[in-house]
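K.L.:
This is the structure, below, for whatever I ask next.
The values are calculated or read from the model by the stated rules, or taken from the named source; none is laboratory data. Since this is a predicted model, take the numbers as computed values, not measurements. Heads up, the Cβs are rebuilt from the backbone with ideal geometry, glycines too, and the neighbour counts pull from every protein chain shown.
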Amino acid sequence: MEPARIFPCVLSVFMSLILDRFAVLAAFSQAADSDFTFTLPPGRKECFYQTMKEDASLEIEYQVLDGAGLDVDFFISSPSGHLLFNDYRKSDGVHTVEALEMGDYMFCFDNTFSTISEKLIFFELILDNMDMAEDPDDWKEYIHGTDMLDMKLEDIMDTINNVKSRLGKSVQIQTVLRAFEARDRNLQESNFDRVNLWSVVNLFVMVIVSAVQVYLVRSLFEDKRKNRT
Amino acid sequence: RKTLLSVLTQGVNTPGALYFHIGETEKKCFIEEIPDETMVIGKYRTQLWDKQTTSFLPSTPGLGMHVEIKDPDTKIILSRQYGSDGRFTFTSHTPGEHQICLHSNSTKMALFAGGKLRVHLDIQVGEHTNNYPEIAAKDKLTELQLRVRQLLDQVEQIQKEQNYQRFREERFRMTSESTNQRVLWWSIAQTFILIITGIWQMRHLKSFFEAKKLV
């Protein structure tokens, strides 16, 4: 291990021993974008919290992928408890939260209005201006050798950064499209099951009803004959 | 010097991670729909509610989480206990919905007297799992080469996802067409059955009445 890496590590351990409140986890830091898919049982509310720095912005996009009705309640509240956004029984939504106060923003998905159907919910968080403590792209001390043509290097780097951010956007769009497709597919699969079920039920009902009809009509006449003789 | 400063600031500000609360016997599951041969790294950090200080303690020793990961065929591919801070990783071999479930392994009721465990979770998929400083060191790359390598990985991941998307769309189309056909055939069959049943009923009743000398 290079000396340049040992010193910050030792210092961070030192700091964590003194400042018991501040947990230094060099290994744990969240990337700028994350998405999660989870099942929300009926009658339940699930809440997630995101710590925000001042002047950071958070974009949250959610979709209901499966579950009868494909709708869910959604709300976001600030650290001081103010309700920022409130969606009532929507199947998808996008909200951008400007972090005016520092703290933990809470967003919740509410399925309490439904008693039997479980919802499959997808959400994506995109964070801006969070000043990641460790710049993931600052690789200068990890690389070997130097590149020639130092004059043009900056331009090439700029272009590469540009391409990287565009590709990142492509990935985000792909994630959203994937969620839409998953929802349509789940819908179609449930349609398929419904068509099968009700066709079979329909068949049985028709056969039984026709047999019962014939039996009833016959029985009417049977009794009359008996009464006459 | 820049890394030194960034480590100091990291010490002062809490890391910005998504967190949620979990009960003692509660199991929280997340679904990741991923193509095959994709690596997934999950990192979590737990904090326990402390009634005395009415706040969350940084890390609780002895309190672990049980992580269970199922593949699209609901076969368990990972089922392990981890400590209060953990990192789990797996690579998918079949494309589809993988389920990642977490629940605490606490048997000591006293720890959960407050009832809340805060779990910070981060799940990275595919290209995001690559550790570029490590790759640079292993392959001895210059900065330009490293950045281009990252772009290549990103594009490869997008391509894999697109291929998987094609496979899913085909399955979706097959289901739709099958439903469509079934609706059509069933309507025709139903009409047919109704007509046949009607004819049978009439004939049967007619012969019944004739037998009973009513007609």
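K.L.:
Could you please tell me which pairs satisfy a Cβ distance under 9 Å, a separation of 6+ or placement on different chains, a first residue in region B:159-174 that is touching a residue at least 12 places away in the same chain (Cβ under 8 Å) and more than 10 Å from every other protein chain (Cβ to nearest Cβ), and a second residue that is surrounded by fewer than 13 Cβ atoms within 10 Å (Cβ to Cβ) and outside any helix (DSSP H, G or I)?
P.N.:
B:K160/B:E37
K.L.:
Looking only at region B:182-215, how many residues end up being among the polar types (S, T, N, Q) and more than 10 Å from chain A (Cβ to nearest Cβ)?
P.N.:
2
K.L.:
Would you be able to tell me the number of residues in region A:75-93 that are in contact with a Phe, Trp or Tyr (Cβ under 8 Å, 6 or more places away or on another chain) and either loosely packed, with under 15 Cβ neighbours inside 10 Å or small (G, A, S) (or both)?
P.N.:
8
K.L.:
Hey, among B:H120, B:H128, B:H103, which residue is within 21 Å of the chain's Cα centre (by Cα) and modelled with pLDDT under 85?
P.N.:
B:H128
K.L.:
Over 29 Å from A:E189 (Cα atoms), without any contact (Cβ under 8 Å) to a residue 12 or more places away in the chain and buried (at least 16 other Cβ atoms within 10 Å of the Cβ) - does that describe any residue in region B:178-197?
P.N.:
So far as region B:178-197 goes, yes, one or more of its residues are over 29 Å from A:E189 (Cα atoms), without any contact (Cβ under 8 Å) to a residue 12 or more places away in the chain and buried (at least 16 other Cβ atoms within 10 Å of the Cβ).
K.L.:
Still on this structure, please answer the following. Out of everything in region A:59-74 that is among the hydrophobic types (A, V, I, L, M, F, W, C) and part of a strand (DSSP E or B), what residue ends up being surrounded by the most Cβ atoms within 10 Å (Cβ to Cβ)?
P.N.:
Within region A:59-74, the subset among the hydrophobic types (A, V, I, L, M, F, W, C) is A:60, A:64-65, A:68, A:70, A:72, A:74.
Next, only the ones that are part of a strand (DSSP E or B) stay: A:60, A:64-65, A:72, A:74.
On the way: A:I60: 21, A:V64: 25, A:L65: 26, A:V72: 28, A:F74: 23.
For region A:59-74, the residue satisfying everything is A:V72.
K.L.:
OK, next. Restricting attention to region B:38-55, and to residues there that are more than 19 Å from B:T25 (Cα to Cα) and part of a strand (DSSP E or B), which single residue is modelled with the lowest pLDDT?
P.N.:
Taking the candidates together, the pick is B:S55.
K.L.:
Does any residue in region A:156-173 that is facing another protein chain (nearest Cβ under 10 Å) come within less than 8 Å, Cβ to Cβ, of a residue that is among the polar types (S, T, N, Q) six or more places away or on a different chain, and which pairs are these?
P.N.:
Listed by first residue and then by second, the contacts come to A:K164/B:Q150; A:K164/B:Q154; A:L167/B:Q154; A:G168/B:Q154; A:V171/B:Q154; A:V171/B:Q157.
K.L.:
Out of all the residues in region A:36-45, which are in a strand (DSSP E or B) and surrounded by fewer than 19 Cβ atoms within 10 Å (Cβ to Cβ)? Write out each step before concluding.
P.N.:
Initially, region A:36-45 is screened for residues in a strand (DSSP E or B), giving A:36-40, A:45.
The one that is in a strand (DSSP E or B) and surrounded by fewer than 19 Cβ atoms within 10 Å (Cβ to Cβ): A:K45.
K.L.:
Could you run through region B:79-103 and say how many residues are crowded, with 16+ Cβ neighbours inside 10 Å and in contact with a helix residue (DSSP H, G or I) (Cβ under 8 Å, 6 or more places away or on another chain)?
P.N.:
Count: 1.
K.L.:
With the condition kept exactly as written, say whether any residue in region B:155-162 is within 37 Å of the chain's Cα centre (by Cα) and over 30 Å from B:E32 (Cα atoms).
P.N.:
Filtering region B:155-162 down to residues within 37 Å of the chain's Cα centre (by Cα) leaves B:155-162.
Checking the rest, the ones that are also over 30 Å from B:E32 (Cα atoms) come to none.
Within region B:155-162, not a single residue is within 37 Å of the chain's Cα centre (by Cα) and over 30 Å from B:E32 (Cα atoms).
Condition check ((1) modelled with pLDDT of 85 or more; (2) farther than 20 Å from B:E33 by Cβ; (3) in contact with a Pro (Cβ under 9 Å, 6 or more places away or on another chain); (4) part of a strand (DSSP E or B)) across all residues:
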| position | (1), (2), (3), (4) |
| --- | --- |
| A:A26 | no, yes, yes, no |
| A:I76 | yes, yes, no, yes |
| A:F85 | yes, yes, no, yes |
| A:T96 | yes, yes, no, yes |
| A:D104 | yes, yes, yes, yes |
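K.L.:
What number of residues within region A:92-113 satisfy the criterion of being without any contact (Cβ under 8 Å) to a residue 60 or more places away in the chain and more than 14 Å from every other protein chain (Cβ to nearest Cβ)?
P.N.:
9
K.L.:
With respect to the numbered conditions (1) assigned to a helix (DSSP H, G or I); (2) modelled with pLDDT of 85 or more, which one is the sole condition not fulfilled by A:S16?
P.N.:
Here A:S16 clears every test but (2).
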